[in-house]
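Worksheet: one structure, shown below.
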Amino acid sequence: MGSGKWCLQKRDSFRSDSLSGNENVPETGCLSIIVLGASGDLAKKKTFPALFNLYCQGFLPPDEVHIFGYARTKISDDDLRNRVCGYLVNDRSASPSEDVSKFLQLIQYVSGSYDGADGFQLLDKEITKHEISKSSQEGSSRRLFYLALPPSVYPSVCRMIRKYCMNKSDLGGWTRIVVEKPFGKDLDSAEQLSSQIGELFDEPQIYRIDHYLGKELVQNLLVLRFANRFFLPLWNRDNIDNVQIVFREDFGTEGRGGYFDEYGIIRDIIQNHLLQVLCLVAMEKPVSLKPEHIRDEKVKVLQSVLPIKDEEVVLGQYEGYRDDPTVPNHSNTPTFATVILRIHNERWEGVPFILKAGKALNSRKAEIRVQFKDVPGDIFKCQKQGRNEFVIRLQPSEAMYMKLTVKQPGLEMSTVQSELDLSYRQRYQGVTIPEAYERLILDTIRGDQQHFVRRDELKAAWEIFTPLLHRIDHGEMKPIPYRTGSRGPAEADELSAKAGYVQTHGYIWIPPTL
């Protein structure tokens with residue numbers, strides 16, 4: 001849809017959805033989106049493109065929305081527009097170049113420090129000027145602050161926003177803060193950060209973004225589990241042997257060695273992204289789809305996870321990682337980890353959840369693999385071919401498929417593994433799957449916190465991993481070297497096998513082609 005053809009339905013939904021949970025509140029005024037750290041990589045590669053896509057779909061009407069970039073870099077409005085322009089691509093638009101041009105005119109830049117009053121007073125002045133130009137009644141406007149910044153500056157930035165840039169909320173307006181991971185480095189630092197931000201803003205104003213919760217197939221998990229009758233009796237320890245949640249990249253740190261070495265693969269991927277997916281796989285059915293009911297069930301899962309055993313962890317570091325000049329010569333940071341989590345409750349007692357993530361491996365993918373137990377009384381002698389599995393492929397080539405045993409075509413009674421396949425590109429032709437950041441920013445505008453991390457949820461997640469991370473930080477656990485382009489350390493496959501995972505040999509899932 002071109003930006004000049006605003007769809008009434010989209011605009012009405014934009015207004016009403018943004019008041020979700022606030023009945024009897026009058027229609028809200030104009031919306032100011034402030035991207036702090038606007039000159040950085042995250043903003044230009046993710047935040048601004050997501051805003052552009054929402055704009056092209058009619059969710060950010062130009063007569064209501066204005067976008068402010070804020071950073072220390074001293075550049076002009078046009079400089080910022082030129083920096084983000086090359087990242088604005090939308091194949092859903094009828095006239096992309098026209099949309100890009102019109103969208104860029106919504107962007108304004110303000111320069112200032114992250115801990116000084118002058119910059120934020122100027123920012124507030126510019127936002128207020130925009131609100132007055134839209135004839136917004138004082139207190140009815142909405143201000144969304146997106147912190148595309150390192151967590152170290154969150155407290156000072158939030159103090160400045162609180163002191164100088166807040167909107168009054170007595171007439172339906174609001175101020176909301178979006179913070180990016182990492183939310184701390186361990187339990188203590190996360191709690192300290194939460195306390196510092198929590199002293200300034202109420203929990204409903206804080207949106208801790210984990211972009212994995214915005215992925216299409218992750219969003220589909222609740223529908224799959226609770227809207228399909230045949231999954232309900234199978235989704236438990238009586239039928240499921242193990243669950244793998246895997247994240248693999250076929251490249252290394254790619255110039256981010258210094259940043260990555262400070263965190264490692266567990267903090268970067270497992271403690272947040274994969275653990276969030278685990279919650280959705282393992283949680284009980286919520287009372288309703290209200291955000292708090294869903295998040296309550298996720299917290300219960302995290303609180304049921306047993307302490308991680310050292311013997312159920314394998315760490316790896318790819319050969320050549322320390323060649324990066326920004327990485328210390330004796331770095332103990334893992335670039336690969338397999339960690340087994342065990343959930344102590346009635347549904348999952350005895351079922352290992354194998355979380356695996358690594359860089360510089362032999363493939364790039366993220367998937368959930370639910371492996372069922374062997375068929376009792378195997379009259380076809382087909383156990384050696386592999387178990388039934390339900391696989392949800394998050395990226396690339398979004399799909400879900402069930403591996404099952406069928407008769408091989410022909411005169412002989414022989415069996416073979418095949419699949420029932422739902423590949424999104426083939427099944428939903430012409431449908432564009434939205435980027436995770438698009439969905440999550442729109443949820444923030446609408447006031448829907450379902451796909452954001454609550455404070456007690458964050459605390460419970462850090463409680464699981466902090467003891468392990470401290471042992472790694474103190475050098476008590478060492479990563480095993482592995483070759484670039486391999487599956488990772490052989491010990492990781494041995495650990496998965498010991499936990500009960502049976503790898504299928506000879507079967508390869510081939511995505512269907514159009």
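The values are calculated or read from the model by the stated rules, or taken from the named source; none is laboratory data. Just so you know, these numbers come straight off a predicted model, no measurement behind them. Backbone-built Cβ (ideal geometry, glycine too); neighbour counts: all protein chains shown. Only protein heavy atoms, including side chains, enter the accessible area calculation; ligands, DNA and RNA are left aside. Shrake-Rupley method; radii C 1.70, N 1.55, O 1.52, S 1.80 Å.
Please go through region 191-219 and give me each residue that is open to solvent by 30 Å² or more (accessible area, probe 1.4 Å) and either in a helix (DSSP H, G or I) or touching a strand residue (DSSP E or B) at 6+ places or on another chain (Cβ under 8 Å) (or both), ordered by number. Passing the criteria: Glu191, Gln192, Ser195, Gln196, Gly198, Glu203, Pro204, Gln205, His211, Lys215, Glu216, Gln219. Take the conditions at pLDDT 90 or above and within 30 Å of the chain's Cα centre (by Cα) and apply them to Gln108. Does it pass? Here the answer is yes, as Gln108 does meet what is asked. Among the residues making up region 147-161, those that are of a type in the set (Ser, Thr, Tyr) and either at positive phi or in contact (Cβ under 8 Å) with a residue 24 or more places away in the chain (or both) are Tyr154, Ser156.
On the stretch given as region 117-148, residues that are of a type outside the set (Phe, Trp, Tyr), open to solvent by less than 20 Å² (accessible area, probe 1.4 Å) and either at pLDDT below 90 or within 13 Å of Met160 (Cα to Cα) (or both) total 8. Checked against (1) in contact with a helix residue (DSSP H, G or I) (Cβ under 6 Å, 6 or more places away or on another chain); (2) crowded, with 23+ Cβ neighbours inside 10 Å, Leu341 passes all but condition (1). Please give the number of the condition Leu232 fails out of (1) in contact (Cβ under 8 Å) with a residue 24 or more places away in the chain; (2) surrounded by fewer than 17 Cβ atoms within 10 Å (Cβ to Cβ). The single condition Leu232 does not satisfy is (1). In region 448-466, the condition of being of a type in the set (Asp, Glu), closer than 30 Å to Ile294 by Cα and crowded, with 18+ Cβ neighbours inside 10 Å is met by at least one residue. Within region 200-218, residues that are in contact (Cβ under 8 Å) with a residue 24 or more places away in the chain reach partners that are among the polar types (S, T, N, Q) and open to solvent by 10 Å² or more (accessible area, probe 1.4 Å) with beta carbons closer than 6 Å, at six or more positions or on different chains, in the pairs Asp210/Asn272; Asp210/Gln276; Tyr212/Gln276; Leu213/Gln276. Any residue at all in region 334-352 that's modelled with pLDDT of 95 or more, within 22 Å of Phe251 (Cβ to Cβ) and assigned to a loop (DSSP other than H, G, I, E, B)? Looking for residues that are modelled with pLDDT of 95 or more, within 22 Å of Phe251 (Cβ to Cβ) and assigned to a loop (DSSP other than H, G, I, E, B), one finds at least one in region 334-352, hence yes. None of Gly258, Gly320, Gly264, Gly252 is at pLDDT below 95, out of contact with any Phe, Trp or Tyr (no Cβ under 7 Å at 6 or more places or on another chain), crowded, with 18+ Cβ neighbours inside 10 Å and in the same structural domain as Leu224 (by the TED database) except Gly264. Taking the criterion of being open to solvent by less than 60 Å² (accessible area, probe 1.4 Å), assigned to a loop (DSSP other than H, G, I, E, B) and at pLDDT 95 or above, the residues of region 284-317 that qualify are Ser304, Ile308.
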